[in-house]
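Heads up, the thing below is written out as structure tokens.
The values are calculated or read from the model by the stated rules, or taken from the named source; none is laboratory data. Keep in mind the model is a prediction, meaning the values are calculated, not measured. Neighbour counts run over all protein chains shown; Cβ positions are idealised from the backbone, glycine included. With ligands, DNA and RNA removed, areas are computed over all heavy atoms of the protein, side chains included. Shrake-Rupley method; radii C 1.70, N 1.55, O 1.52, S 1.80 Å.
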Amino acid sequence: QVQLVESGGGLVQPGGSLRLSCTASRFTLRTYFMSWYRQAPGKERELVASITSTSSRTNYADSVKGRFTISRDNAKNTVYLQMNSLKPEDSAVYYCKAEFAAIYWGQGTQVTVSS
């Protein structure tokens, strides 16, 4: 079964850091355009960051620029989201998305930023 599995979420204090991972199973991410989205309770799902298949270009939501970094390791079939200087408003379920021949979503990982 084709899957994207996110990990690395959890509870962190404001100002802290987390690194999310998204690993594909039963397909290779090498040719896929990858994105991270997030959805907070009562809000629409929003794009956080994206990266091209060769890592030549990245894109970030204004709210996370300078704090979050998206990267990928195609050899490990994994995409990462390094999140620094976390704020309470970053609390959400974070999802990864793969787009190319098909579109795949992960099941999400919860990030909670609270003191």
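At-a-glance table
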{"read-out": "Test item: Cα-centred dipole of the chain, Lys/Arg +1 and Asp/Glu -1 on Cβ, debye", "value": "240"}
{"read-out": "Amide proton proximity set for residue 72, modelled H, under 5 Å, gap of 5+", "value": "80"}
{"read-out": "Heavy-atom surface of the chain, accessible at 1.4 Å and reported per residue (Å²)", "value": "53"}
{"read-out": "Potential lengthening between residue 85 and residue 44 on full extension [0.36 nm per residue; Cα-Cα distance subtracted]", "value": "12.5 nm"}
{"read-out": "Hz values of 3J(HN,Hα) by residue in segment 32-37 - Karplus curve (6.51, -1.76, 1.60), Gly and Pro given as x", "value": "8, 7, 10, 9, 10, 10"}
{"read-out": "Cα-based reach from residue 87 at 19 Å (exclusive), listing aspartates and glutamates while leaving out same-chain residues under 8 positions away", "value": "44, 46, 62"}
{"read-out": "Kirkwood hydrodynamic radius (C-alpha pairs) into Stokes-Einstein, the chain, 4 °C and 1.567 mPa s, D in µm²/s", "value": "93"}
{"read-out": "Difference of contour (0.36 nm per residue) and Cα-Cα distance, residue 25 to residue 1", "value": "7.9 nm"}
